[in-house]
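The structure appears below as C-alpha coordinates.
The values are calculated or read from the model by the stated rules, or taken from the named source; none is laboratory data. Just so we're clear, the structure is a prediction, and the values are computed from it rather than from any experiment. With ideal geometry, Cβ positions are generated from the backbone for all residues, glycine too; neighbour counts draw on all protein chains shown.
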Amino acid sequence: MLHHLPLQTIKPLTTAHLAQTMSLLSLTAAELQEQIEAELASNPALEMLDELRCPVCHRKLPRQGICPVCSQPVLSQGEEAVVFVSTREVYTGFGEPQDDEDREDNGALEEESLAVHVFRQIAPDIPSEDRKIAAFLLTHLNEDGLLTISLQEIASYHHIPVERVRNIQRVIQRADPVGVGSVDPKEALLAQLSLLEETQPVPALTRKMIEEGLDLLSRHQFHELARMMKVSVGEIQRIASFISKNLNPYPGRSSWGESKGGRIANQQVFYKPDILITLSTNGDQEVLVVEILFPLWGTLRVNPLYRKAIQEVDEELKEDMRQDLERASLFVKCLQQRNHTMQRLMQRIVAWQKDFILKGDKFLKPLTRAQIAKELGVHESTVSRAVANKAVQLPSGKIIPLADFFDRSLSARIVLKELIMHETKPLSDAELVKLMAQRGYEVARRTVAKYRAMEGILPANLRRACY
DNA sequence: CTATGGCACGGATT
DNA sequence: AATCCGTGCCATAG
(Lines give C-alpha, C1' and ligand atoms only; values in the text may rest on other atoms or scores of the structure.)
Protein backbone atom coordinates (compact mmCIF):
# COMPACT_ATOMS: atom_id res chain seq x y z
CA MET A 1 0.00 0.00 0.00
CA LEU A 2 2.88 2.32 0.59
CA HIS A 3 5.41 0.81 -1.74
CA HIS A 4 5.30 3.76 -4.05
CA LEU A 5 6.92 5.93 -1.43
CA PRO A 6 10.51 6.94 -1.07
CA LEU A 7 11.37 4.69 1.80
CA GLN A 8 14.94 3.82 1.01
CA THR A 9 16.61 6.25 3.34
CA ILE A 10 14.92 5.59 6.61
CA LYS A 11 17.32 3.84 8.86
CA PRO A 12 19.93 5.93 10.65
CA LEU A 13 17.93 7.24 13.55
CA THR A 14 20.34 9.61 15.18
CA THR A 15 18.99 11.87 17.86
CA ALA A 16 19.46 14.90 15.69
CA HIS A 17 17.52 13.19 12.97
CA LEU A 18 14.72 12.38 15.34
CA ALA A 19 14.59 15.85 16.83
CA GLN A 20 14.42 17.60 13.51
CA THR A 21 11.85 15.21 12.14
CA MET A 22 9.71 15.95 15.15
CA SER A 23 9.85 19.66 14.64
CA LEU A 24 9.12 19.34 10.94
CA LEU A 25 6.14 17.19 11.71
CA SER A 26 4.42 19.89 13.65
CA LEU A 27 4.71 22.45 10.90
CA THR A 28 1.85 23.41 8.65
CA ALA A 29 2.33 23.50 4.92
CA ALA A 30 2.96 27.23 4.98
CA GLU A 31 5.47 26.99 7.81
CA LEU A 32 7.20 24.11 6.13
CA GLN A 33 7.69 26.20 3.07
CA GLU A 34 9.41 28.89 5.10
CA GLN A 35 11.59 26.33 6.76
CA ILE A 36 12.68 24.78 3.49
CA GLU A 37 13.38 28.12 1.89
CA ALA A 38 15.44 29.20 4.87
CA GLU A 39 17.43 26.00 4.80
CA LEU A 40 17.91 26.28 1.07
CA ALA A 41 19.20 29.81 1.38
CA SER A 42 21.58 29.12 4.22
CA ASN A 43 23.02 25.83 3.07
CA PRO A 44 24.89 25.76 -0.24
CA ALA A 45 24.96 21.98 -0.22
CA LEU A 46 21.22 21.82 -0.79
CA GLU A 47 19.64 22.36 -4.14
CA MET A 48 16.16 22.39 -5.51
CA LEU A 49 15.71 20.69 -8.83
CA ASP A 50 13.03 22.13 -11.03
CA GLU A 51 11.60 18.80 -11.89
CA LEU A 52 9.81 16.05 -10.15
CA ARG A 53 10.25 12.38 -10.71
CA CYS A 54 8.15 9.56 -9.54
CA PRO A 55 9.97 7.73 -6.77
CA VAL A 56 8.96 4.38 -8.22
CA CYS A 57 9.19 4.55 -11.97
CA HIS A 58 11.34 7.67 -12.23
CA ARG A 59 9.17 9.16 -14.88
CA LYS A 60 8.89 12.88 -14.97
CA LEU A 61 5.77 14.02 -13.23
CA PRO A 62 3.37 16.64 -14.50
CA ARG A 63 3.26 19.95 -12.70
CA GLN A 64 0.20 18.88 -10.76
CA GLY A 65 -1.06 15.65 -9.36
CA ILE A 66 0.69 12.36 -9.01
CA CYS A 67 2.40 9.95 -11.29
CA PRO A 68 -0.22 8.79 -13.73
CA VAL A 69 1.50 5.46 -14.12
CA CYS A 70 2.27 4.54 -10.57
CA SER A 71 -0.92 5.75 -8.99
CA GLN A 72 -2.91 3.31 -11.06
CA PRO A 73 -1.96 0.05 -9.37
CA VAL A 74 -2.48 1.67 -6.00
CA LEU A 75 -5.94 2.91 -6.81
CA SER A 76 -7.13 -0.42 -8.12
CA GLN A 77 -6.33 -2.39 -4.99
CA GLY A 78 -9.57 -1.37 -3.34
CA GLU A 79 -7.77 0.33 -0.51
CA GLU A 80 -9.82 2.46 1.79
CA ALA A 81 -7.61 5.39 1.20
CA VAL A 82 -4.82 6.32 -1.07
CA VAL A 83 -2.35 8.66 0.50
CA PHE A 84 0.41 10.51 -1.20
CA VAL A 85 2.38 13.65 -1.02
CA SER A 86 1.25 16.17 -3.53
CA THR A 87 2.83 19.33 -4.73
CA ARG A 88 -0.48 20.66 -5.82
CA GLU A 89 -0.49 24.38 -5.54
CA VAL A 90 -2.03 25.82 -2.44
CA TYR A 91 -4.25 28.65 -3.47
CA THR A 92 -3.57 31.71 -1.46
CA GLY A 93 -5.55 34.29 -3.32
CA PHE A 94 -6.87 35.44 -6.64
CA GLY A 95 -4.95 35.51 -9.86
CA GLU A 96 -1.45 36.74 -9.16
CA PRO A 97 0.36 35.33 -6.17
CA GLN A 98 0.04 38.35 -3.96
CA ASP A 99 1.57 38.90 -0.58
CA ASP A 100 -1.33 38.47 1.75
CA GLU A 101 1.01 38.01 4.66
CA ASP A 102 0.33 41.50 5.98
CA ARG A 103 -1.63 41.80 9.17
CA GLU A 104 -5.11 43.19 9.47
CA ASP A 105 -5.80 45.54 6.64
CA ASN A 106 -8.94 46.15 8.67
CA GLY A 107 -12.35 46.37 6.99
CA ALA A 108 -11.33 45.81 3.42
CA LEU A 109 -9.50 42.59 4.12
CA GLU A 110 -12.21 41.43 6.46
CA GLU A 111 -14.79 41.71 3.73
CA GLU A 112 -12.57 40.12 1.17
CA SER A 113 -11.67 37.23 3.38
CA LEU A 114 -15.03 35.58 2.88
CA ALA A 115 -14.33 35.52 -0.83
CA VAL A 116 -10.80 34.24 -0.27
CA HIS A 117 -12.07 31.62 2.12
CA VAL A 118 -14.50 30.28 -0.44
CA PHE A 119 -12.05 30.55 -3.28
CA ARG A 120 -9.50 28.40 -1.53
CA GLN A 121 -12.03 25.67 -1.08
CA ILE A 122 -13.25 25.53 -4.64
CA ALA A 123 -10.11 26.32 -6.58
CA PRO A 124 -8.89 22.71 -6.72
CA ASP A 125 -12.27 21.55 -7.96
CA ILE A 126 -12.65 23.68 -11.01
CA PRO A 127 -10.58 23.83 -14.17
CA SER A 128 -8.01 26.58 -14.16
CA GLU A 129 -9.58 28.42 -17.05
CA ASP A 130 -12.72 28.85 -14.97
CA ARG A 131 -10.96 30.13 -11.88
CA LYS A 132 -10.83 33.73 -12.91
CA ILE A 133 -14.56 33.64 -13.49
CA ALA A 134 -15.05 32.15 -10.06
CA ALA A 135 -12.85 34.85 -8.59
CA PHE A 136 -14.80 37.50 -10.43
CA LEU A 137 -18.04 36.10 -9.12
CA LEU A 138 -16.72 36.00 -5.58
CA THR A 139 -15.64 39.62 -5.64
CA HIS A 140 -19.25 40.60 -6.21
CA LEU A 141 -20.64 39.30 -2.96
CA ASN A 142 -22.28 41.50 -0.41
CA GLU A 143 -21.85 41.04 3.31
CA ASP A 144 -24.67 38.49 3.30
CA GLY A 145 -22.76 36.26 0.94
CA LEU A 146 -25.18 36.95 -1.87
CA LEU A 147 -24.36 37.97 -5.40
CA THR A 148 -24.73 41.64 -6.28
CA ILE A 149 -24.82 41.15 -10.02
CA SER A 150 -26.71 38.74 -12.20
CA LEU A 151 -25.28 35.66 -13.84
CA GLN A 152 -26.06 37.18 -17.22
CA GLU A 153 -23.86 40.14 -16.47
CA ILE A 154 -20.97 37.90 -15.54
CA ALA A 155 -21.48 35.83 -18.64
CA SER A 156 -21.52 38.78 -21.00
CA TYR A 157 -18.59 40.40 -19.26
CA HIS A 158 -16.45 37.34 -19.87
CA HIS A 159 -18.10 36.50 -23.19
CA ILE A 160 -19.13 33.02 -22.19
CA PRO A 161 -22.46 31.22 -22.05
CA VAL A 162 -24.57 31.70 -18.96
CA GLU A 163 -24.69 27.98 -18.45
CA ARG A 164 -20.98 27.87 -17.78
CA VAL A 165 -21.27 30.57 -15.15
CA ARG A 166 -24.11 28.68 -13.56
CA ASN A 167 -21.98 25.55 -13.29
CA ILE A 168 -19.27 27.47 -11.50
CA GLN A 169 -21.85 29.02 -9.22
CA ARG A 170 -23.13 25.56 -8.29
CA VAL A 171 -19.70 24.56 -7.11
CA ILE A 172 -19.40 27.74 -5.08
CA GLN A 173 -22.78 27.28 -3.46
CA ARG A 174 -21.71 23.98 -2.02
CA ALA A 175 -18.64 25.45 -0.36
CA ASP A 176 -18.42 26.26 3.30
CA PRO A 177 -20.93 28.93 4.12
CA VAL A 178 -23.33 26.76 2.12
CA GLY A 179 -25.39 28.78 -0.31
CA VAL A 180 -22.81 31.49 -0.73
CA GLY A 181 -22.82 33.02 -4.19
CA SER A 182 -26.55 32.73 -4.70
CA VAL A 183 -28.41 35.57 -6.34
CA ASP A 184 -31.09 35.83 -3.66
CA PRO A 185 -32.12 34.29 -0.34
CA LYS A 186 -34.39 31.83 -2.07
CA GLU A 187 -31.62 30.35 -4.12
CA ALA A 188 -29.38 30.17 -1.06
CA LEU A 189 -32.03 28.28 0.88
CA LEU A 190 -32.54 25.83 -1.96
CA ALA A 191 -28.82 25.20 -2.27
CA GLN A 192 -28.55 24.49 1.45
CA LEU A 193 -31.56 22.25 1.31
CA SER A 194 -30.10 20.21 -1.52
CA LEU A 195 -26.91 19.61 0.41
CA LEU A 196 -28.81 18.76 3.56
CA GLU A 197 -30.95 16.24 1.73
CA GLU A 198 -27.91 14.24 0.85
CA THR A 199 -27.15 13.41 4.44
CA GLN A 200 -30.36 13.57 6.40
CA PRO A 201 -34.13 13.34 6.06
CA VAL A 202 -35.93 16.58 5.31
CA PRO A 203 -39.62 17.24 5.81
CA ALA A 204 -41.61 16.78 2.63
CA LEU A 205 -42.82 19.94 0.93
CA THR A 206 -39.94 21.96 2.30
CA ARG A 207 -38.59 22.60 -1.15
CA LYS A 208 -41.96 23.48 -2.55
CA MET A 209 -42.59 25.85 0.29
CA ILE A 210 -39.37 27.73 -0.31
CA GLU A 211 -39.89 27.84 -4.03
CA GLU A 212 -43.45 29.01 -4.00
CA GLY A 213 -44.21 30.63 -0.71
CA LEU A 214 -41.08 32.31 0.50
CA ASP A 215 -42.55 35.79 0.71
CA LEU A 216 -45.49 34.50 2.71
CA LEU A 217 -43.13 32.50 4.87
CA SER A 218 -40.97 35.47 5.71
CA ARG A 219 -44.06 37.34 6.84
CA HIS A 220 -45.21 34.36 8.90
CA GLN A 221 -48.50 34.12 7.04
CA PHE A 222 -48.94 30.50 8.00
CA HIS A 223 -52.66 30.31 7.39
CA GLU A 224 -52.32 31.69 3.91
CA LEU A 225 -49.54 29.22 3.26
CA ALA A 226 -51.51 26.29 4.57
CA ARG A 227 -54.31 27.08 2.17
CA MET A 228 -51.97 27.40 -0.73
CA MET A 229 -50.08 24.19 -0.02
CA LYS A 230 -53.21 22.32 0.99
CA VAL A 231 -51.88 21.07 4.31
CA SER A 232 -52.59 21.86 7.95
CA VAL A 233 -51.30 24.94 9.69
CA GLY A 234 -49.44 22.72 12.15
CA GLU A 235 -47.58 21.09 9.28
CA ILE A 236 -46.63 24.48 7.94
CA GLN A 237 -45.27 25.55 11.30
CA ARG A 238 -43.29 22.35 11.55
CA ILE A 239 -41.63 22.99 8.21
CA ALA A 240 -41.11 26.65 9.03
CA SER A 241 -39.26 25.81 12.20
CA PHE A 242 -37.19 23.26 10.35
CA ILE A 243 -36.22 25.92 7.86
CA SER A 244 -35.33 28.51 10.44
CA LYS A 245 -33.28 26.01 12.40
CA ASN A 246 -31.33 24.47 9.56
CA LEU A 247 -31.21 26.96 6.79
CA ASN A 248 -29.98 30.47 6.54
CA PRO A 249 -31.12 32.87 3.83
CA TYR A 250 -27.98 34.95 4.29
CA PRO A 251 -25.08 32.51 4.07
CA GLY A 252 -22.49 35.18 4.72
CA ARG A 253 -23.81 36.12 8.11
CA SER A 254 -24.11 33.05 10.29
CA SER A 255 -20.68 31.53 10.03
CA TRP A 256 -18.91 34.76 9.44
CA GLY A 257 -17.97 37.63 11.70
CA GLU A 258 -20.66 37.92 14.31
CA SER A 259 -20.31 35.55 17.21
CA LYS A 260 -23.69 34.37 18.30
CA GLY A 261 -24.63 34.70 21.95
CA GLY A 262 -23.06 32.03 24.10
CA ARG A 263 -21.00 30.61 21.27
CA ILE A 264 -17.66 29.17 22.23
CA ALA A 265 -15.00 31.39 20.79
CA ASN A 266 -12.61 28.65 19.70
CA GLN A 267 -14.41 28.23 16.39
CA GLN A 268 -11.28 29.28 14.57
CA VAL A 269 -11.48 29.69 10.86
CA PHE A 270 -8.84 27.86 8.92
CA TYR A 271 -8.00 29.26 5.55
CA LYS A 272 -5.35 27.00 4.19
CA PRO A 273 -5.66 23.26 4.28
CA ASP A 274 -2.51 21.22 4.81
CA ILE A 275 -4.18 18.07 3.69
CA LEU A 276 -6.71 17.51 0.97
CA ILE A 277 -9.17 14.66 0.95
CA THR A 278 -11.04 14.09 -2.25
CA LEU A 279 -13.39 11.43 -3.44
CA SER A 280 -12.38 9.74 -6.62
CA THR A 281 -14.37 7.20 -8.50
CA ASN A 282 -12.13 4.57 -9.92
CA GLY A 283 -14.29 2.32 -12.00
CA ASP A 284 -17.06 1.18 -9.70
CA GLN A 285 -15.01 1.75 -6.56
CA GLU A 286 -15.20 4.95 -4.59
CA VAL A 287 -11.84 5.74 -3.17
CA LEU A 288 -10.78 8.45 -0.80
CA VAL A 289 -7.68 10.14 -2.03
CA VAL A 290 -5.60 11.97 0.50
CA GLU A 291 -3.06 14.50 -0.51
CA ILE A 292 -0.51 15.81 1.90
CA LEU A 293 0.07 19.22 0.46
CA PHE A 294 3.68 19.96 -0.04
CA PRO A 295 4.30 23.65 -0.45
CA LEU A 296 7.12 23.56 -2.95
CA TRP A 297 7.35 22.00 -6.33
CA GLY A 298 10.50 20.25 -7.31
CA THR A 299 13.02 17.81 -5.98
CA LEU A 300 15.07 18.73 -2.97
CA ARG A 301 18.41 17.00 -2.89
CA VAL A 302 22.02 17.28 -1.91
CA ASN A 303 23.89 19.07 -4.62
CA PRO A 304 26.16 16.51 -6.29
CA LEU A 305 28.51 19.21 -7.50
CA TYR A 306 29.06 20.30 -3.96
CA ARG A 307 29.92 16.77 -3.01
CA LYS A 308 32.48 16.64 -5.79
CA ALA A 309 33.93 20.00 -4.99
CA ILE A 310 34.80 18.96 -1.50
CA GLN A 311 37.55 16.72 -2.85
CA GLU A 312 39.45 19.55 -4.44
CA VAL A 313 39.50 22.01 -1.63
CA ASP A 314 41.90 22.98 1.13
CA GLU A 315 41.81 21.12 4.39
CA GLU A 316 40.37 23.94 6.49
CA LEU A 317 37.45 24.53 4.16
CA LYS A 318 36.81 20.85 3.90
CA GLU A 319 35.55 20.56 7.43
CA ASP A 320 32.96 23.32 6.94
CA MET A 321 31.75 21.81 3.74
CA ARG A 322 31.48 18.42 5.30
CA GLN A 323 29.19 19.88 7.90
CA ASP A 324 27.08 21.55 5.26
CA LEU A 325 26.76 18.26 3.46
CA GLU A 326 25.85 16.54 6.66
CA ARG A 327 23.16 19.09 7.43
CA ALA A 328 21.82 18.91 3.91
CA SER A 329 21.40 15.18 3.81
CA LEU A 330 19.98 15.17 7.30
CA PHE A 331 17.43 17.75 6.27
CA VAL A 332 16.38 15.78 3.23
CA LYS A 333 16.04 12.64 5.29
CA CYS A 334 13.96 14.40 7.87
CA LEU A 335 11.70 15.74 5.21
CA GLN A 336 11.20 12.28 3.80
CA GLN A 337 10.54 10.94 7.24
CA ARG A 338 8.02 13.65 7.88
CA ASN A 339 6.15 12.89 4.71
CA HIS A 340 6.29 9.21 5.37
CA THR A 341 4.87 9.64 8.86
CA MET A 342 2.15 11.99 7.68
CA GLN A 343 1.12 9.52 5.03
CA ARG A 344 0.88 6.60 7.37
CA LEU A 345 -0.95 8.75 9.88
CA MET A 346 -3.53 9.94 7.40
CA GLN A 347 -3.93 6.44 6.06
CA ARG A 348 -4.97 5.22 9.49
CA ILE A 349 -7.16 8.20 10.27
CA VAL A 350 -9.00 8.13 6.99
CA ALA A 351 -9.59 4.40 7.16
CA TRP A 352 -11.05 4.75 10.64
CA GLN A 353 -13.10 7.87 10.00
CA LYS A 354 -14.30 7.10 6.50
CA ASP A 355 -17.96 7.44 7.43
CA PHE A 356 -17.32 10.74 9.11
CA ILE A 357 -15.61 12.11 6.04
CA LEU A 358 -18.30 10.95 3.66
CA LYS A 359 -21.50 11.19 5.65
CA GLY A 360 -20.90 13.97 8.09
CA ASP A 361 -20.38 14.84 11.71
CA LYS A 362 -22.73 12.27 13.11
CA PHE A 363 -20.50 9.41 12.08
CA LEU A 364 -17.37 10.49 13.86
CA LYS A 365 -16.01 7.48 15.68
CA PRO A 366 -14.16 7.97 18.93
CA LEU A 367 -10.45 7.98 18.34
CA THR A 368 -7.49 8.92 20.46
CA ARG A 369 -4.04 9.92 19.44
CA ALA A 370 -2.63 7.21 21.65
CA GLN A 371 -4.56 4.60 19.69
CA ILE A 372 -3.15 5.78 16.37
CA ALA A 373 0.31 6.03 17.85
CA LYS A 374 0.13 2.42 18.92
CA GLU A 375 -1.00 1.25 15.51
CA LEU A 376 1.78 3.19 13.86
CA GLY A 377 4.37 2.19 16.39
CA VAL A 378 5.40 5.75 17.11
CA HIS A 379 5.35 7.79 20.26
CA GLU A 380 2.12 9.50 21.21
CA SER A 381 3.71 12.89 21.17
CA THR A 382 4.63 12.32 17.54
CA VAL A 383 0.99 11.97 16.67
CA SER A 384 0.11 14.95 18.78
CA ARG A 385 2.55 17.15 16.99
CA ALA A 386 1.52 15.93 13.60
CA VAL A 387 -2.12 16.58 14.31
CA ALA A 388 -1.83 19.96 15.97
CA ASN A 389 -2.28 23.18 14.03
CA LYS A 390 -3.16 21.57 10.76
CA ALA A 391 -6.25 21.84 8.64
CA VAL A 392 -7.90 19.30 6.40
CA GLN A 393 -10.19 19.93 3.52
CA LEU A 394 -12.90 17.31 3.19
CA PRO A 395 -14.50 16.21 -0.07
CA SER A 396 -17.41 18.47 0.81
CA GLY A 397 -15.09 21.44 0.67
CA LYS A 398 -15.32 22.04 4.38
CA ILE A 399 -12.04 22.93 6.02
CA ILE A 400 -11.66 21.62 9.54
CA PRO A 401 -8.81 21.26 11.99
CA LEU A 402 -7.14 17.89 11.79
CA ALA A 403 -7.71 17.56 15.52
CA ASP A 404 -11.44 17.30 14.87
CA PHE A 405 -10.93 13.69 13.89
CA PHE A 406 -10.16 13.07 17.53
CA ASP A 407 -13.13 14.92 19.00
CA ARG A 408 -14.56 12.70 21.67
CA SER A 409 -17.96 14.27 21.95
CA LEU A 410 -18.87 15.49 18.49
CA SER A 411 -21.20 12.64 17.61
CA ALA A 412 -22.92 12.87 20.97
CA ARG A 413 -23.46 16.56 20.44
CA ILE A 414 -24.96 15.95 17.03
CA VAL A 415 -27.38 13.41 18.45
CA LEU A 416 -28.32 15.89 21.11
CA LYS A 417 -28.90 18.56 18.54
CA GLU A 418 -31.17 16.27 16.56
CA LEU A 419 -33.07 15.30 19.64
CA ILE A 420 -33.80 18.90 20.42
CA MET A 421 -34.51 19.71 16.82
CA HIS A 422 -37.22 17.07 16.64
CA GLU A 423 -38.64 17.52 20.10
CA THR A 424 -42.31 18.34 20.34
CA LYS A 425 -42.05 20.00 23.71
CA PRO A 426 -39.01 21.56 25.37
CA LEU A 427 -37.16 18.71 27.05
CA SER A 428 -35.28 19.27 30.27
CA ASP A 429 -31.67 18.21 30.54
CA ALA A 430 -32.61 15.26 32.71
CA GLU A 431 -35.05 13.98 30.11
CA LEU A 432 -32.48 14.41 27.42
CA VAL A 433 -30.09 12.24 29.40
CA LYS A 434 -32.58 9.38 29.21
CA LEU A 435 -33.11 9.78 25.49
CA MET A 436 -29.40 9.94 24.88
CA ALA A 437 -28.92 6.76 26.87
CA GLN A 438 -31.47 4.98 24.68
CA ARG A 439 -29.34 5.91 21.72
CA GLY A 440 -26.25 4.51 23.34
CA TYR A 441 -24.79 7.71 24.67
CA GLU A 442 -24.30 7.47 28.42
CA VAL A 443 -23.63 10.93 29.69
CA ALA A 444 -24.34 12.78 32.89
CA ARG A 445 -26.98 15.43 33.19
CA ARG A 446 -24.35 18.06 33.72
CA THR A 447 -22.66 17.07 30.51
CA VAL A 448 -25.82 17.50 28.48
CA ALA A 449 -25.95 21.07 29.73
CA LYS A 450 -22.39 21.62 28.59
CA TYR A 451 -23.02 20.23 25.12
CA ARG A 452 -26.03 22.45 24.84
CA ALA A 453 -23.93 25.45 25.68
CA MET A 454 -21.33 24.44 23.10
CA GLU A 455 -23.98 24.24 20.41
CA GLY A 456 -25.49 27.52 21.47
CA ILE A 457 -28.84 25.94 22.35
CA LEU A 458 -30.93 27.72 24.93
CA PRO A 459 -32.04 25.95 28.12
CA ALA A 460 -35.37 24.15 27.97
CA ASN A 461 -37.34 26.72 29.91
CA LEU A 462 -36.38 29.43 27.45
CA ARG A 463 -36.81 27.27 24.40
CA ARG A 464 -39.81 27.92 22.25
CA ALA A 465 -41.84 24.80 21.52
CA CYS A 466 -40.57 23.48 18.28
CA TYR A 467 -43.72 23.49 16.23
C1' DC B 1 -38.93 21.98 44.54
C1' DT B 2 -36.85 21.70 39.90
C1' DA B 3 -33.75 23.02 36.33
C1' DT B 4 -29.33 25.26 35.38
C1' DG B 5 -24.95 27.25 35.61
C1' DG B 6 -20.42 27.85 38.33
C1' DC B 7 -16.49 25.90 40.42
C1' DA B 8 -13.46 22.55 41.19
C1' DC B 9 -11.77 17.82 41.28
C1' DG B 10 -9.84 13.54 39.20
C1' DG B 11 -8.89 10.78 35.61
C1' DA B 12 -7.73 10.54 30.86
C1' DT B 13 -5.22 12.56 27.12
C1' DT B 14 -1.52 15.03 25.06
C1' DA C 1 4.14 17.76 33.48
C1' DA C 2 0.33 20.37 31.46
C1' DT C 3 -4.16 20.34 29.69
C1' DC C 4 -8.70 18.86 28.60
C1' DC C 5 -13.08 16.90 29.64
C1' DG C 6 -16.77 14.73 32.10
C1' DT C 7 -18.90 15.00 36.51
C1' DG C 8 -20.47 15.86 41.19
C1' DC C 9 -21.81 19.24 44.50
C1' DC C 10 -23.86 23.47 45.61
C1' DA C 11 -25.83 28.01 44.96
C1' DT C 12 -29.22 30.50 42.58
C1' DA C 13 -33.21 31.60 39.68
C1' DG C 14 -37.80 30.60 38.49
Members of region A:27-47 that are under 29 Å from the mean Cα position of the chain (by Cα) and outside any helix (DSSP H, G or I): A:Leu27, A:Thr28
Selection from region A:397-447 of residues exposed (fewer than 13 other Cβ atoms within 10 Å of the Cβ), part of a helix (DSSP H, G or I), within 11 Å of DNA strand C (Cβ to nearest atom) and among the small types (Gly, Ala, Ser) yields A:Ala437
The lone condition A:Leu367 fails out of (1) within 30 Å of A:Thr278 (Cβ to Cβ); (2) surrounded by 17 or more Cβ atoms within 10 Å (Cβ to Cβ); (3) at pLDDT 85 or above; (4) more than 13 Å from DNA strand B (Cβ to nearest atom) is (4)
Just checking, does region A:298-305 include any residue being crowded, with 16+ Cβ neighbours inside 10 Å, touching a Ser or Thr at 6+ places or on another chain (Cβ under 6 Å), at pLDDT below 80 and among the β-branched types (Val, Ile, Thr)? no
Condition broken by A:Ile149, with the remaining ones in (1) of a type in the set (A, V, I, L, M); (2) part of a loop (DSSP other than H, G, I, E, B); (3) touching a residue at least 12 places away in the same chain (Cβ under 8 Å) satisfied: (3)
Answer yes or no as to whether A:Pro97 is closer than 30 Å to A:Gln343 by Cα, modelled with pLDDT under 85 and more than 21 Å from the chain's Cα centre (by Cα). yes
Restricting to region A:353-364, what's the tally of residues that are assigned to a helix (DSSP H, G or I) and crowded, with 19+ Cβ neighbours inside 10 Å? 2
Can you tell me which residues in region A:231-276 are β-branched (Val, Ile, Thr), more than 20 Å from A:Ile122 (Cα to Cα) and at pLDDT below 75? A:Val233, A:Ile264
Suppose we filter region A:400-428 for residues that are near DNA strand B (Cβ under 9 Å from one of its atoms), aliphatic (A, V, I, L, M) and in contact (Cβ under 8 Å) with a residue 24 or more places away in the chain; how many remain? 1
Sort out which residues of region A:448-467 are more than 10 Å from DNA strand C (Cβ to nearest atom) and of a type in the set (Phe, Trp, Tyr), and write them in order of number. A:Tyr467
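Does A:Glu163 satisfy the condition of being modelled with pLDDT of 85 or more, surrounded by fewer than 19 Cβ atoms within 10 Å (Cβ to Cβ), among the charged types (D, E, K, R) and assigned to a helix (DSSP H, G or I)?
yes
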So, A:Ala453, is that one modelled with pLDDT under 90, part of a helix (DSSP H, G or I), within 15 Å of DNA strand B (Cβ to nearest atom) and not assigned by TED's automatic domain parsing to the domain that holds A:Ala30 or not? yes
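For the subset of region A:383-396 comprising residues that are under 23 Å from A:Pro295 (Cβ atoms) and among the polar types (S, T, N, Q), which member is nearest to DNA strand C (Cβ to nearest atom)?
A:Ser384
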What about A:Ala388, is it within 30 Å of A:Phe119 (Cα to Cα) and within 16 Å of DNA strand B (Cβ to nearest atom)? yes
Take A:Arg446 and tell me if it is near DNA strand B (Cβ under 10 Å from one of its atoms), farther than 30 Å from A:Gln173 by Cβ and touching a residue at least 40 places away in the same chain (Cβ under 8 Å). no
May I ask you to say which residue of A:Ala204, A:Ala175, A:Ala226, A:Ala155 is more than 27 Å from the chain's Cα centre (by Cα) and outside any helix (DSSP H, G or I)? A:Ala204
Within the bounds of region A:429-441, is there any residue that is in contact with a Gly (Cβ under 6 Å, 6 or more places away or on another chain) and either near DNA strand B (Cβ under 9 Å from one of its atoms) or within 18 Å of A:Ile243 (Cα to Cα) (or both)? no
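Keeping to region A:360-380, report how many residues are under 18 Å from A:Leu416 (Cβ atoms) and among the charged types (D, E, K, R).
3
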Got at least one residue in region A:171-183 being under 14 Å from A:Pro251 (Cβ atoms) and exposed (fewer than 15 other Cβ atoms within 10 Å of the Cβ)? yes
Listed residues A:Leu317, A:Leu279; which is of a type in the set (A, V, I, L, M, F, W, C), modelled with pLDDT under 85, in contact with a Pro (Cβ under 6 Å, 6 or more places away or on another chain) and surrounded by fewer than 20 Cβ atoms within 10 Å (Cβ to Cβ)? A:Leu279
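Residues checked against (1) in a strand (DSSP E or B); (2) within 30 Å of A:Gln237 (Cβ to Cβ); (3) at pLDDT 85 or above; (4) of a type in the set (Lys, Arg):
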{"residue": "A:Gln121", "(1), (2), (3), (4)": "no, no, no, no"}
{"residue": "A:Asp144", "(1), (2), (3), (4)": "no, yes, no, no"}
{"residue": "A:Gln192", "(1), (2), (3), (4)": "no, yes, yes, no"}
{"residue": "A:Thr199", "(1), (2), (3), (4)": "no, yes, no, no"}
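Consider A:Glu380 carefully, then state whether it is farther than 27 Å from A:Ile239 by Cα and within 16 Å of DNA strand C (Cβ to nearest atom).
So A:Glu380 fits the description; yes.
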